[in-house]
Amino acid sequence: MKQIRLASADGAVITVDQDIVEQSGTLRNILSDVVSSEAPIPVPNVNGAILSKVIEYCTHHRGDPQRRKPRDTLYDEPDSSEAAINRAISQMDDFDAEFCRVDQGTLFDLILAANFLDIQPLLDLVGYTVANKLKGKSVEEMRATFNVKNDFTPEEEEQARKDNAWCED
């Protein structure tokens with residue numbers, strides 16, 4: 001198996017099997033454009049620790065063809081229907097559950113990395129994990145969880161609640 005070297009934003013160089021690297025749409029496209037080179041492929045938006053976590057995820061799901069399926073076109077949108085969510089949940093295994101037991105900062109770094117690297121199954125997994133953390137929380141609890149400052153005036157907040165009352169059902 002051909003080995004590919006990746007260089008993270010903080011300068012860490014990680015050597016990975018090509019089939020693992022190709023789970024990333026971004027890296028797969030770079031590989032298809034690059035003539036053989038010994039230089040590491042730069043991954044500028046991802047630090048070494050997060051890149052290692054992403055590689056850990058891709059290595060675990062290496063033999064799962066459903067998770068490696070590329071989108072048909074650049075403009076295909078992921079299916080956000082309840083059926084798609086249930087399908088994603090049903091594909092989770094013990095590894096996935098344990099993989100997402102990380103601090104909030106790491107979870108958001110994984111979201112950014114999965115999005116940048118175009119690894120849709122990982123993005124779905126960490127997105128689902130964040131959504132699950134928010135489930136059943138009030139707006140105030142969500143703000144506290146994510147350290148979001150309330151910059152609405154009381155009047156603006158009341159109007160937003162009225163406009164979005166359907167969400168509270």
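The values are calculated or read from the model by the stated rules, or taken from the named source; none is laboratory data. None of the values given here were measured: they were computed from a predicted structure. So basically every Cβ, Gly included, is an ideal-geometry build from the backbone, and we count neighbours across all protein chains shown. Just so you know, the surface numbers come from the protein's heavy atoms only, side chains and all, with ligands and any DNA or RNA stripped out. Shrake-Rupley method; radii C 1.70, N 1.55, O 1.52, S 1.80 Å.
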Q) What pairs can you find where one residue is in the stretch 101-118 and closer than 21 Å to Arg28 by Cα, the other is of a type in the set (Ser, Thr, Tyr), and their Cβ atoms are less than 7 Å apart, with a gap of 6+ or different chains? A) Phe116/Thr26; Leu117/Ser24; Leu117/Thr26; Asp118/Ser24; Asp118/Thr26
Q: Tell me, yes or no, whether the stretch 42-62 has at least one residue that is in contact with a helix residue (DSSP H, G or I) (Cβ under 7 Å, 6 or more places away or on another chain) and among the basic types (Lys, Arg).
A: yes
Q: Enumerate the strands (runs of 3 or more DSSP E) found wholly within the stretch 1-69, keeping only those where 1 or more residues are open to solvent by 50 Å² or more (accessible area, probe 1.4 Å), of a type in the set (S, T, N, Q) and out of contact with any Phe, Trp or Tyr (no Cβ under 9 Å at 6 or more places or on another chain).
A: 3-8, 13-17
Q: Considering only residues that are open to solvent by 50 Å² or more (accessible area, probe 1.4 Å) and in a helix (DSSP H, G or I), look in the stretch 113-127 and name the one that is modelled with the lowest pLDDT.
A: Asp124
Q) Which ones in the stretch 128-168 are within 30 Å of Cys100 (Cα to Cα), surrounded by fewer than 11 Cβ atoms within 10 Å (Cβ to Cβ) and not aliphatic (A, V, I, L, M)? A) Lys135, Gly136, Ser138, Glu140, Asn147, Lys149, Cys167, Glu168
Q.
Tally up the residues in the stretch 105-128 that are touching a Pro at 6+ places or on another chain (Cβ under 8 Å) and of a type in the set (Asp, Glu), please.
A. 1
(Q) Quick check on Glu98: is it charged (D, E, K, R), assigned to a helix (DSSP H, G or I), within 19 Å of Glu22 (Cβ to Cβ) and at pLDDT 90 or above? (A) no
**Q.** Qualifying residue in the stretch 124-140 (condition: touching a Lys or Arg at 6+ places or on another chain (Cβ under 6 Å) and in contact (Cβ under 8 Å) with a residue 40 or more places away in the chain)
**A.** no
